[in-house]
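The block underneath contains the structure these notes are about, expressed in structure tokens.
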Amino acid sequence: MSSRALRITLLALAVIGLGVASYLTYVHYAGIKPACTAGESCAKVQTSVYSTLAGVPVALIGLIGYIAIIGSLLAPEGENARLATMAFTLVGFGFSAYLTYRELFSIHAICEWCASSAVIMTVLAGLSTWRFLRGDTERASPGSAPSGGHGEPAAPLGSALLSTSVHPKRP
Amino acid sequence: MTPVDSDEQDLTRKERREQARAQRKAVEQAELASATRRTRLRQLGIVVVIVVLAVVVILIASGGGSSKKAVTAGTPTATKMVNEVNTRIGGIPQSGDTLGNASAPVTLQYFGDLQCPVCREFTLGALPSIIQTWVRTGKLKIEYLSLETATHEPEVFKTQQVAALAAGKQAKMWNFLELFYRQQGEENSGYVTESFLQGLAAQSGVNLSQWTSDRNDSALAKQVVNDAEAASNAGFNGTPSFLIGKRGGKLSRLEYSSLTDPTSFNEAIEKLAKS
């Protein structure tokens, strides 16, 4: 998968997650019952003591998290931006894991909106970690490098940093 | 040496220099790649450690919103809770698992697990207002039915629910329930001991020897099983869950929007009470 395609995939997932978090935040502040196919499960989760953290609705925390992830994805491509995306998504993944634990073992009800957000965040965390560890493959790939030799092996992990931070020597 | 030989030697030297340069470059790139990989893995490790620590802190801080230790009967805290419960339900008729006038036109069935923190939330949240508005005025009676969710050990579940039902044989089940939820500990932490249950029974005001004897009544254990069947028939798999209907009529699921705000309960009860 190219860096561009990966970035677009991450962005699309984050936008979907943002939509889910926005809806849950609206439901929380409007005091209405979320649309739910599993009876009162969503209402049970949304009105439980675990729906806020230090007085802040967890849906709002999620919304802020998705905005941060989208911001890092829209930032100019680079090592720091990829690190930020990974850090935000891993924090989101940890928080989603905590909330899912509460749903399963404390509230004993699953909110499908929360579950879908947790799945999105898990995929985001996995993809962004992979993206961070592999670096910028397009800049590092031989096809786009000035050397342009045919049959060269793919650039090793980390050469993205080399290509962006070190000016290539003249032969 | 002919000029051709000299050219060949120059070419070979040039090729060797280029080969050596390429090898050096490859080694440098490999070293740099290795260093970058280590840096990235270290950064990943730092982020993961921070996330894990944050989750642990949140887990500890959020605890469960309930008291962690059972309250000893006779202590000022216990006395305060007993007074609160007496103020809330004192004077309202009780019979077995039912709170309220037997001839009340509307029946609400409350499926709960005594260790369920969300049931506690409802019991301390929306329920007081429902009792005050509808039960005390004789328009509603509430039946408490057992559904195992939060309690992971079936034997513990049966013991605690039967203990509550045994208090019901002395028309004190709702005192027992209210006190249990107020003194609820962290679920499945082993706080539901014999002394905890006896303490609740004492605070509920039951005759202890009678209560102890009633706990062996097989009909009470059977009632817990029947409640689970009723919950299964209603399609409930979580607590609290509710059925509501007119007295003697068919009960249907009550959909609520909040466990702390009684509005959705009030609307459902009002509609049935008027019809």
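The values are calculated or read from the model by the stated rules, or taken from the named source; none is laboratory data. Remember, predicted model here, so these are calculated numbers, not experimental data. FYI the Cβ positions are ideal-geometry reconstructions off the backbone, even for glycines, and counts take in every protein chain you see. Areas reflect the complete protein model, heavy atoms only, side chains present, ligands, DNA and RNA absent. Shrake-Rupley method; radii C 1.70, N 1.55, O 1.52, S 1.80 Å.
Quickly run through the range A:24-56 and pick out the residues that are part of a helix (DSSP H, G or I) and charged (D, E, K, R).
Passing the criteria: only A:44.
Scan the range A:140-149 residue by residue and report those that are within 13 Å of another protein chain (Cβ to nearest Cβ) and either at pLDDT 95 or above or surrounded by 14 or more Cβ atoms within 10 Å (Cβ to Cβ) (or both).
Once the filter is applied, which keeps residues that are within 13 Å of another protein chain (Cβ to nearest Cβ) and either at pLDDT 95 or above or surrounded by 14 or more Cβ atoms within 10 Å (Cβ to Cβ) (or both), the range A:140-149 yields A:140, A:142, A:145.
If only one of A:74, A:11, A:60, A:83 is without any contact (Cβ under 8 Å) to a residue 40 or more places away in the chain and either closer than 23 Å to residue B:124 by Cβ or open to solvent by 20 Å² or more (accessible area, probe 1.4 Å) (or both), which one is it?
A:60
Read through the list (1) in contact with a Leu (Cβ under 9 Å, 6 or more places away or on another chain); (2) under 24 Å from residue B:42 (Cα atoms); (3) within 11 Å of chain B (Cβ to nearest Cβ); (4) open to solvent by less than 20 Å² (accessible area, probe 1.4 Å), then give the number of the only condition that residue A:43 fails.
(2)
Name the single residue, out of those in the range B:171-201 being open to solvent by 50 Å² or more (accessible area, probe 1.4 Å) and in contact with a Phe, Trp or Tyr (Cβ under 9 Å, 6 or more places away or on another chain), that is modelled with the highest pLDDT.
Ranking the candidates gives B:172 first.
Which one of these does residue B:199 not meet: (1) outside any strand (DSSP E or B); (2) closer than 23 Å to residue B:233 by Cα; (3) away from chain A (no Cβ under 14 Å)?
(2)
Got at least one residue in the range A:65-80 being within 10 Å of chain B (Cβ to nearest Cβ) and either aliphatic (A, V, I, L, M) or within 21 Å of the chain's Cα centre (by Cα) (or both)?
Just the residues of the range A:65-80 that are within 10 Å of chain B (Cβ to nearest Cβ), to begin with: A:79.
Going one step further and asking which of them are either aliphatic (A, V, I, L, M) or within 21 Å of the chain's Cα centre (by Cα) (or both), we end up with A:79.
Yes: one or more hits.
Among (1) closer than 20 Å to residue B:147 by Cα; (2) in a loop (DSSP other than H, G, I, E, B), which single condition is residue B:206 missing?
Of (1) closer than 20 Å to residue B:147 by Cα; (2) in a loop (DSSP other than H, G, I, E, B), only one is false for residue B:206: (1).
Would you be able to say whether some residue in the range A:114-122 is out of contact with any Lys or Arg (no Cβ under 8 Å at 6 or more places or on another chain), closer than 20 Å to residue A:35 by Cα, within 14 Å of another protein chain (Cβ to nearest Cβ) and touching a residue at least 40 places away in the same chain (Cβ under 8 Å)?
The answer is no; no qualifying residue exists.
Would you please name the residue that is nearest to residue B:236 (Cα to Cα), looking only at residues in the range B:111-128 that are more than 10 Å from chain A (Cβ to nearest Cβ) and of a type outside the set (Val, Ile, Thr)?
Here is the first cut: in the range B:111-128, the ones more than 10 Å from chain A (Cβ to nearest Cβ) are B:111-112, B:114-115, B:123-124, B:127-128.
Pick out the ones that are also of a type outside the set (Val, Ile, Thr) and you get B:111-112, B:114-115, B:124, B:127-128.
Values: B:111: 9, B:112: 11, B:114: 16, B:115: 17, B:124: 22, B:127: 20, B:128: 23 Å.
Filtering first and then ranking leaves B:111.
If I go through the range A:16-67 residue by residue, how many of them are aromatic (Phe, Trp, Tyr) and touching an Asp or Glu at 6+ places or on another chain (Cβ under 9 Å)?
Number satisfying all stated conditions: 1.
For the range B:112-126, name all the residues that are hydrophobic (A, V, I, L, M, F, W, C), surrounded by fewer than 24 Cβ atoms within 10 Å (Cβ to Cβ) and in contact with a strand residue (DSSP E or B) (Cβ under 9 Å, 6 or more places away or on another chain).
Residues satisfying the conditions do not exist here.
Which numbered condition trips up residue A:109, out of (1) open to solvent by less than 30 Å² (accessible area, probe 1.4 Å); (2) in contact with a Phe, Trp or Tyr (Cβ under 9 Å, 6 or more places away or on another chain); (3) within 8 Å of another protein chain (Cβ to nearest Cβ)?
(2)
Checking the condition at pLDDT 85 or above, closer than 25 Å to residue B:256 by Cβ, touching a Phe, Trp or Tyr at 6+ places or on another chain (Cβ under 7 Å) and assigned to a helix (DSSP H, G or I), which residue from A:14, A:21, A:59, A:68 passes?
A:21
Would you pick out the residues in the range B:141-190 that are within 17 Å of the chain's Cα centre (by Cα), over 20 Å from residue B:100 (Cβ atoms) and of a type in the set (A, V, I, L, M)?
Scanning the range B:141-190 gives B:147, B:150, B:156.
The rows are residues; the columns are (1) out of contact with any Gly (no Cβ under 8 Å at 6 or more places or on another chain); (2) at the interface with chain A (Cβ under 10 Å from one of its Cβ atoms); (3) open to solvent by less than 10 Å² (accessible area, probe 1.4 Å); (4) of a type in the set (Gly, Ala, Ser).
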position	(1), (2), (3), (4)
B:34	no, yes, no, yes
B:45	yes, no, no, yes
B:55	no, yes, no, no
B:60	yes, no, no, no
B:89	yes, no, yes, no
B:92	no, no, no, no
B:104	no, no, yes, yes
B:130	yes, no, yes, no
B:133	yes, no, no, no
